[in-house]
1. On a 1.4 Å probe surface of the protein chains, which of L151, L113 comes out largest in accessible area, and what is the full order?
2. With a cut-off of at most 12 other beta carbons within 10 Å, and DSSP calling the residue loop, which trypsin sites (Lys or Arg not before Pro) in the stretch 73-137 qualify? Please list them.
3. Show Y101, Y121 ordered by accessible area, largest first, where the area counts protein heavy atoms only and the probe is 1.4 Å.
4. Net charge near I38, counting Lys/Arg +1 and Asp/Glu -1 over other residues with Cβ under 13 Å of its Cβ?
5. Between beta-carbons, use under 10 Å as the cut-off and find the net charge around F162, counting Lys and Arg +1, Asp and Glu -1.
6. Taking a probe of 1.4 Å, how large is the accessible area per residue of the stretch 39-153, in Å²?
7. Given a 1.4 angstrom probe, I'd like the percentage of the accessible area of the stretch 81-152 that is carbon and sulfur, rounded to a whole number.
Amino acid sequence: MSATVADDESSPSAPRSGLAGLQDRFGHLIKEFGKFGIVGGVAFLVDLVLFNLLISNAGEPPLLAKTISTVLAATLAFVGNRFWTWRHRERSGLRREYLLYFFFNAVGLGIGLACLGISHYVLGSFWPGVFQTTLADNLSAQIVGTAFGTLFRFWSYRRFVFIDAAAPQIPSASPMVTKGD
């Protein structure tokens, strides 16, 4: 009987505990988040450079500059996420993924614009020398807004855009069957 217990513990299907168990359970999520972070880091740099060029050199208003820089960076991020981060996931059609991706990106952009708008226009109306500066605009839009928007985007892309083939699908509505009629 002791040989059977030892065999069960060493079998690949036996659950592991501790750090090994955590890695078995969350390893795929950590890999996805790492890839998402790399793609996002590149897109963030594109967004940061374009945003600063538009507000400094082109003299665009901060909200318009942020909208333009985010749309261009998001397009780059879509390609990276679709073909690298979640390439192992089932494809549900480029059009569907693209539309959902940009819908959720628009929500993420709204989060970033809300942070920038509150900082620049609301707080800036009280302390313009502090909150209506390029530094304050960058901190509110690129750090605070991007952090909150990124958390939302990771969740929504993973859940709705780049679906997992192994994830249970929502069952379609079917008539209820009763026994004994």
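The values are calculated or read from the model by the stated rules, or taken from the named source; none is laboratory data. Fair warning: this is a prediction, and the values are worked out from it, not measured in the lab. In this analysis, Cβ positions are derived from the backbone assuming ideal geometry, glycine residues included, and neighbour counts consider all displayed protein chains. All accessible areas refer to the heavy atoms of the entire protein, side chains included, with ligands and DNA or RNA removed. Shrake-Rupley method; radii C 1.70, N 1.55, O 1.52, S 1.80 Å.
1. Numbers: L151 115, L113 45 Å².
The most accessible residue leads, giving L151, L113.
2. Working: sites: R82, R87, R89, R91, R95, R96; in loops: R87, R89, R91.
Answer in residue order: R87.
3. Working: Y101 0, Y121 105 Å².
Output order, biggest surface exposure first: Y121, Y101.
4. Working: positive: K31, K35; negative: E32.
In short, +1.
5. Working: positive: R82, R87, R89, R91, R158, R159; negative: E32, E90, E97, D164.
For residues surrounding F162, the net value is +2.
6. Details: 6000 Å² over 115 residues.
Counting only protein heavy atoms, the per-residue value for the stretch 39-153 is 52 Å².
7. Here carbon and sulfur together make up 75 percent of the probe-accessible area.
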